[in-house]
Amino acid sequence: MRAVSDSIAIKLGVAAALLLLAVIAATSLVRMNRFADGAQWVNHTHEVIEGLDAVLMAITDAEAGQRGFLLTADESYLAPYHASRAALTAKIERAKKLGHLLTCIKIASRPFG
């Protein structure tokens, strides 16, 4: 009789260990997915910041060229102004797309109900 109860205890112990291992694996998988989502948001945030920095730099360059021209009346100072104005539209559109992407993700991740 004792051998039978020892055999059942061993089987229950192994089953409990396997169950615990399965719970740990499932929890780890969920945590890794959350971490990956967080990492994607961090990368997106850096892209948005870089896009806005590019817009700010283009505006600053245009302003500096305009200021140089207004102070000296030398049209060579308008070269950075014109270059920045030409690049500014594309940079603003890129920043808008990044912001629009963020809005779409927020809307898509809302719970229904």
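All of the numbers you see were taken from the coordinates with simple rules; none came from a lab. Quantities reported herein were computed from a predicted structural model and do not represent experimental measurements. Methodologically, a virtual Cβ is constructed for each residue, glycine included, from the backbone with ideal geometry; neighbour enumeration extends over all protein chains shown.
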message: When you check residue 10 against the structure, is it surrounded by 12 or more Cβ atoms within 10 Å (Cβ to Cβ), of a type in the set (A, V, I, L, M, F, W, C) and in a helix (DSSP H, G or I), yes or no?
response: no
task: Restrict the check to the range 24-44 and report whether at least one residue is touching a residue at least 40 places away in the same chain (Cβ under 8 Å) and either more than 29 Å from residue 96 (Cβ to Cβ) or surrounded by 10 or more Cβ atoms within 10 Å (Cβ to Cβ) (or both).
output: yes
statement: Taking the range 73-92 and keeping residues among the small types (Gly, Ala, Ser), in a helix (DSSP H, G or I) and out of contact with any helix residue (DSSP H, G or I) (no Cβ under 8 Å at 6 or more places or on another chain) leaves 76, 86, 90
